[in-house]
Amino acid sequence: EDRKTVLDHSIKLTYELLIKGLRSGAYKNIVILTGAGISVSAGIPDFRSPECGIYSKLKEYNLPQPEDVFTLDYFKQHPEAFYRFSKEFNKASGYEATPTHYFIRLLQEKNLLRINMTQNIDNLEEKAGINADLFCQAHGSYNAAHCCKCDKIMDLDAFKQHVNEGTIYRCSDEVCLGPVKPTVVFFGEQLNPDFDIKLPLVHSADLLLVIGTSLAVQPFNLLPFLVDEQTHSVLINLESTKKASGGSIHDFESGDANLFIQGKCDDVIRQIIADCGWEAEFEKILPEV
Ligand code: CNA
């Protein structure tokens, strides 16, 4: 009965209905799309937040535009900027997953998580104990390295060592000598091949949760269009995403099936957990501090 009421498409989605749907188990196939915002409380800055985002801090790199740090053509000519960024970013390997990551894990434990597609490259999904087949790092990660010119697989530890020492690691092929990059996806590159494999799972959503992303990067920001218009779609973010990407973006702020919950994701998630009565289960999966 609850499932019918919750999924009755003639009723406007509200926060109360979302909680009812979660509590009652009406949603059985939850798809979660995430971005840098969910890792900010771990201490990893996002890209686009005006004050503290990585893009605002790249001025000292003297780049034509901040995005160039992650642009393949620029990297081939000037790999220094990305190596410098990586040195900063790799400090992140010591960071812990956030309550929002553990909420995703909780949904996995409840067998409600169909897939978590993430734009993040920080491996915090794995740290939170989310199974490899239940998340997809669409923009890759620092888990492997290769030459950006000839694609030759190169040694990841050697790459990391070069990053630490501030020197450029080059292809071992003496004719090529291309700079080595990790499997982080740059502008101008194909997404992680895992993306195409897991994409069909997005279609199965009966609830779509989009958390901590400006939805500015294509094709990731097109994922919300893969669920049908009547599927409950919730955006949890510090800011409205409406201004991003020239209007070609899913609008979470109008339409009966959409809901925008503005705030810090960890706060919103803790409220959701409390309202669902899931606190005890949640505390069990949080790491002991
Ligand atoms: P973005 O464009 O920087 O957007 C982040 C969004 O999160 C913004 O809309 C913020 O308002 C919002 N936000 C910031 N803090 C919070 C918070 N505490 N709670 C809720 N919302 C918050 O980042 P996207 O992920 O949208 O952009 C895609 C890029 C960023 C991907 O290619 C990533 O690889 C890349 N990135 C990843 C990381 C990471 O792995 N942690 C860090 C920085 C950038």
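Here, each number is a calculation from the coordinates, and none is a lab measurement. The structure displayed is predicted, hence computed values, not measured ones. No Cβ is skipped: glycine too gets one built from the backbone with ideal geometry, and neighbour counts run over all protein chains shown.
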Among 235, 210, 263, the residue whose Cα sits farthest towards the positive end of the charge dipole of region 188-269 (+1 at Cβ of Lys and Arg, -1 at Cβ of Asp and Glu, taken about the Cα centre) is 263
Could you calculate the FRET efficiency of residue 194 with residue 10 from 1/(1 + (r/R0)^6), where r is the beta carbon distance between them and R0 is 30 Å, rounded to 0.05?
0.20
Estimated dipole of region 43-192 in Debye, rounded to 20 [Cβ of Lys and Arg +1, of Asp and Glu -1, Cα centre]:
160
Taking a label point 7 Å from the Cα of residue 177 along Cα-to-Cβ, the residues of region 138-163 whose backbone nitrogen sits under 16 Å from it are 148-150
If you stretched the chain out fully between residue 254 and residue 270, how much longer would it get, using 0.36 nm times the residue separation minus the C-alpha to C-alpha distance?
3.3 nm
Rounded to the nearest 10 degrees, the helix 265-276 long axis (Cα) sits at an angle to the longest Cα principal axis of the chain of 30
Partner lysines whose C-alpha sits under 23 Å from that of residue 242, ignoring same-chain residues fewer than 8 away, are 12, 264
Rounded FRET efficiency, nearest 0.05, which uses the C-beta distance separating residue 203 from residue 149 and R0 of 41 Å
0.65
Translational D in µm²/s for region 1-90 (Stokes-Einstein at 25 °C, 0.890 mPa s, Kirkwood Rh from C-alpha pairs)
147
Percent antiparallel among DSSP beta bridges with both residues in the chain, to the nearest 5?
20
Rounded to the nearest 500, what is the chain's calculated 222 nm mean residue ellipticity when only DSSP H runs of at least 4 contribute -39500 (n - 2.57) each, over all residues?
-8500 deg cm²/dmol
The Cα radius of gyration of the chain, divided by 2.2 N^0.38 Å with N its residue count, comes to 1.05
Which lysines have a Cα lying under 19 Å from the Cα of residue 57, excluding residues fewer than 8 positions away in the same chain?
87, 91
If you average the alpha carbon positions of region 56-110 and of region 221-273, how far apart do those two centres end up, in angstrom?
23
Mind checking the dipole of region 170-289: about its Cα centre, +1 per Lys or Arg Cβ, -1 per Asp or Glu Cβ, Debye to the nearest 20?
420
